[in-house]
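The values are calculated or read from the model by the stated rules, or taken from the named source; none is laboratory data. Keep in mind that what you see is a predicted model, and the values were worked out from it rather than measured. Cβ sites come from the backbone with ideal geometry, for glycine too, and all protein chains shown count toward neighbours.
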Amino acid sequence: MERLTKSVGIPIEDFEAQVMEEIGLAEEQKLRGMWGSSNMEHDSFEWMLSGVYGPNDDRELRNLWAELKAAADDWGAPWCLAGDFNTMRFPNEKTGGDRITTATREFSEFINEMQLMDFPLEGGTYTRPNSRGVREWDVSFVRGFNDWEVAVVVEFFEFLASNVVPKEGADGLCWKLSKAGVFDSRSFYLALSARPGVRFPWKSIWAVKAPPRVAFFVWTAARGSILTCDNLMRRGYMMAERCCMCCCDGERVDHLLLHCSLARVLWSFVFTAFGIHWVTLRRVVDLLLGWRNWFGKHHSSIWNLVPSCLMWSVWRERNARTFENTCRSADQLQEIFVNSLYDWSRVWGLTTANTVAEFIVSLVFVTHSS
């Protein structure tokens, strides 16, 4: 069975007992052909299968062709032969020689007499190497197809083309996203998260001195996934899509953290404190991409903390207004932001200022020292 399967190039299962006996006789008597039928599992269509072992003796070849003719006469269903017939009919494809033997000529006459035709296969499944080292199918049919048979035949060839065997050897799985061909979680994560041409500002989130809870919030905001009204509505919640901070626009991630009138007050204070002019970008992820180390690697430690601290302050105020029904003014929110930034800087030893006022004054010197 294994030899027949390898010769035909298609898995053969559920043969009748008589066919199994004939396979045994083929080993003992060195028969060159075998006949049987099998149902293809993917379409339940019954195909006539011929395992041909390629005899070298001319007399045995002629007997084989006679068997093929007999099978074609006795079998009324669609019928085909699969094999690399070009290497038999055209020796130059296999050996580079042009000499055509009598047996080769007679085989070509047999092909024409049986009205076999080449079915064009583009990128078909490989069965055996030709002179160029390419493994390919060569399938011929003994007659044309009826209209109701075309769909089954097309499905058959699609089945062949979907099972490419690029080289001999045991079958195996290859993970194409890693060089070693072995699955690993890193390559899988990169494939899921990567967007062509887009960088993610992970250093502006995880490489600063912000508390882990805040860093995770900023990471979620950069991905546009914090639970603002628009994201909640996408999950099926019914609510008014209104920013509770300014009451002038819909509550979206970029609007709430960057463009809301209350958030703009804090951003304007930051730019004034550092003595720079800055144009706020449209998206949170774009702002983070251009923010890190603006004053150089050695003078930007406090500057790198600002986005995380400011966005966290705005988010906490938003939650207080939504769930606690409390409302702070812009000046009060600015005070909370400055105090938080000062506390974080003191904890990490980023400032030597003893008071918040001294800390604010020291920020402008960052610009001059860079």
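Check the range 124-141 and report whether any residue there is under 30 Å from ALA222 (Cα atoms), touching a helix residue (DSSP H, G or I) at 6+ places or on another chain (Cβ under 9 Å), surrounded by fewer than 10 Cβ atoms within 10 Å (Cβ to Cβ) and modelled with pLDDT under 80.
No, every residue in the range 124-141 fails to be under 30 Å from ALA222 (Cα atoms), touching a helix residue (DSSP H, G or I) at 6+ places or on another chain (Cβ under 9 Å), surrounded by fewer than 10 Cβ atoms within 10 Å (Cβ to Cβ) and modelled with pLDDT under 80.
Report, by residue number, each residue of the range 349-363 that is assigned to a helix (DSSP H, G or I) and within 17 Å of LYS297 (Cα to Cα).
Scanning the range 349-363 gives a single hit, LEU363.
So which residues in the range 228-251 are under 27 Å from the mean Cα position of the chain (by Cα) and within 21 Å of TRP312 (Cα to Cα), if there are any at all?
ASN231
Condition first: among the aliphatic types (A, V, I, L, M), free of Cβ contacts under 8 Å to residues at least 24 places away in the same chain and touching a helix residue (DSSP H, G or I) at 6+ places or on another chain (Cβ under 8 Å). Now tell me which residues in the range 216-240 satisfy that.
MET239, ALA240
Would you pick out the residues in the range 277-303 that are farther than 21 Å from HIS255 by Cα, modelled with pLDDT under 90 and among the hydrophobic types (A, V, I, L, M, F, W, C)?
TRP294, PHE295 - these are the residues of the range 277-303 that are farther than 21 Å from HIS255 by Cα, modelled with pLDDT under 90 and among the hydrophobic types (A, V, I, L, M, F, W, C).
Since GLU149 meets every condition but one in (1) modelled with pLDDT of 75 or more; (2) outside the structural domain of ASP73 (by TED's automatic domain parsing); (3) of a type in the set (Asp, Glu), which condition does it not meet?
Tallying (1) modelled with pLDDT of 75 or more; (2) outside the structural domain of ASP73 (by TED's automatic domain parsing); (3) of a type in the set (Asp, Glu), GLU149 fails exactly one: (2).
Among the residues of the range 217-227, count how many are of a type in the set (A, V, I, L, M, F, W, C), under 27 Å from the mean Cα position of the chain (by Cα) and either in a helix (DSSP H, G or I) or not assigned by TED's automatic domain parsing to the domain that holds TRP315 (or both).
Total meeting the criteria: 3.
Any chance the range 306-326 includes a residue that's outside any helix (DSSP H, G or I) and either in the same structural domain as ALA207 (by TED's automatic domain parsing) or in contact (Cβ under 8 Å) with a residue 60 or more places away in the chain (or both)?
Yes, because at least one residue in the range 306-326 is outside any helix (DSSP H, G or I) and either in the same structural domain as ALA207 (by TED's automatic domain parsing) or in contact (Cβ under 8 Å) with a residue 60 or more places away in the chain (or both).
Only one of (1) among the basic types (Lys, Arg); (2) under 18 Å from CYS260 (Cα atoms); (3) assigned to a helix (DSSP H, G or I) fails for ARG346. Which number is that?
Every listed condition holds for ARG346 apart from (2).
Conditions (1) within 23 Å of THR220 (Cα to Cα); (2) in contact (Cβ under 8 Å) with a residue 24 or more places away in the chain; (3) not in a helix (DSSP H, G or I), marked per residue:
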site: ARG242; (1), (2), (3): yes, no, yes
site: CYS248; (1), (2), (3): no, no, yes
site: LEU258; (1), (2), (3): yes, yes, no
site: LEU262; (1), (2), (3): yes, yes, no
site: HIS277; (1), (2), (3): no, no, yes
site: LEU281; (1), (2), (3): yes, no, yes
site: GLY290; (1), (2), (3): yes, no, no
